[in-house]
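*Asks:* Here it is: the structure, laid out below.
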Amino acid sequence: MNKISWIVTAAAAATALLVGFGAGWFGNQAYLRAQLSSAFEDVAADMDEAAPETPEDMEAMVEYEEDQDVVVSDNLPDPVPMGETASDGIWDITVSGVERADQVNGSYSNAVASDGWEFLILDVELTNASNGPQTPEIDGSEIMDAEGNRYAYHSDASFALDEDDAMYTEVNPNGTVDLRIPFEVEAGTEVTTALLSATWDSPQVAVSEIDEG
C-alpha cells in the first residue's frame with residue numbers, strides 16, 4: 001500500500017469512527033431525554049393524585065366571600081313595648097320613660113353634650129333575677145336609631161345623673177334599683193330601640209322599644 005492509499009484508508013476509518021461515535025452520542029442523549037420526560041410525567045401524575053380535594057367548608061367559605069348579598073344578622077330578640085319587661089339573662093329590665101337634654105347636672109359633676117348633639121336619657125328599672133347579689137354595670141348598653149346606627153351610653157353624664165350611687169349598690173335577688181341611663185346622639189335623631197344589659201357578662205341583651213310620643 002502506497003502512502004496515498006494509506007492516508008485515504010486512515011481518513012475513511014477516522015470518519016467512520018466519528019460518525020459512529022456521533023450517532024451513539026446523539027442516540028444516548030435522545031434516550032436520556034425520553035427517560036427524563038417520562039419521569040417528570042410520572043411525578044406530575046402522582047402529585048395530581050395526591051393533591052387533597054378542597055374541603056366542603058372551605059368551598060362554602062369561598063362562596064360566602066363571593067356572595068355580596070349575604071346579610072349578617074345580630075340575632076336580637078324582638079323588642080318589647082316600652083313599659084314592659086325584657087331580660088338580659090340576669091336582670092329584668094324595664095324602660096319606663098325617656099327625655100332629652102343638652103346638659104345634665106348632678107351633685108358631684110355635670111356633663112354638656114357636644115355641639116349639635118344632645119343626651120337621650122332612659123329611666124330604667126332593674127330587678128335582680130339571678131340567685132346572688134349583683135351590682136349594675138351598664139357599659140354594654142346601647143340605643144339604636146331608625147337607620148340601625150348604634151350609640152353607646154355616656155359615662156360622664158351617667159356619673160352626673162347617679163345621685164343615689166345606684167351604680168355602686170349591690171342588689172340582692174328579687175331586689176330592684178332605678179337608673180337613669182344617658183346616651184349622646186345627634187340632635188333630632190329618631191331613636192327607636194334600647195339594647196340594654198346591666199352585667200358585663202350578660203348572656204343576652206334586653207331589647208325594648210323607645211316611644212317618645
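*Asks:* Say whether the condition of being touching a helix residue (DSSP H, G or I) at 6+ places or on another chain (Cβ under 7 Å) and at pLDDT 95 or above is met by at least one residue in region 190-197.
*Replies:* Our first condition is that a residue be touching a helix residue (DSSP H, G or I) at 6+ places or on another chain (Cβ under 7 Å); within region 190-197, this holds for none.
No, region 190-197 contains no residue that is touching a helix residue (DSSP H, G or I) at 6+ places or on another chain (Cβ under 7 Å) and at pLDDT 95 or above.
*Asks:* Between A157, A198, which is part of a loop (DSSP other than H, G, I, E, B) and either assigned by TED's automatic domain parsing to the domain that holds E142 or at positive phi (or both)? Before the answer, list the steps.
*Replies:* Values: A157 fails: part of a loop (DSSP other than H, G, I, E, B).
Testing whether each residue is part of a loop (DSSP other than H, G, I, E, B) and either assigned by TED's automatic domain parsing to the domain that holds E142 or at positive phi (or both) leaves just A198.
*Asks:* Would you check if there is a residue in region 164-179 being within 16 Å of A86 (Cα to Cα), crowded, with 20+ Cβ neighbours inside 10 Å and in contact with a helix residue (DSSP H, G or I) (Cβ under 9 Å, 6 or more places away or on another chain)?
*Replies:* Yes, some residue in region 164-179 is within 16 Å of A86 (Cα to Cα), crowded, with 20+ Cβ neighbours inside 10 Å and in contact with a helix residue (DSSP H, G or I) (Cβ under 9 Å, 6 or more places away or on another chain).
*Asks:* Within region 160-195, can you find the residues that are closer than 24 Å to A111 by Cα and part of a loop (DSSP other than H, G, I, E, B)?
*Replies:* D162, E163, D164, D165, T169, A187, G188, T189, E190
*Asks:* In addition: Residues in region 133-144: is at least one of a type in the set (D, E, K, R) and over 16 Å from V205 (Cβ atoms)? Steps first, answer last, please.
*Replies:* Taking region 133-144 as the starting set, the residues that turn out to be of a type in the set (D, E, K, R) are 137, 139, 142.
From what's left, over 16 Å from V205 (Cβ atoms): none.
No: zero hits.
The values are calculated or read from the model by the stated rules, or taken from the named source; none is laboratory data. Just so it is clear, the structure is predicted and the values come from calculations on it, not from any experiment. As a convention, Cβ positions derive from the backbone with ideal geometry for all residues, glycine included, and neighbour counts pool all protein chains shown.
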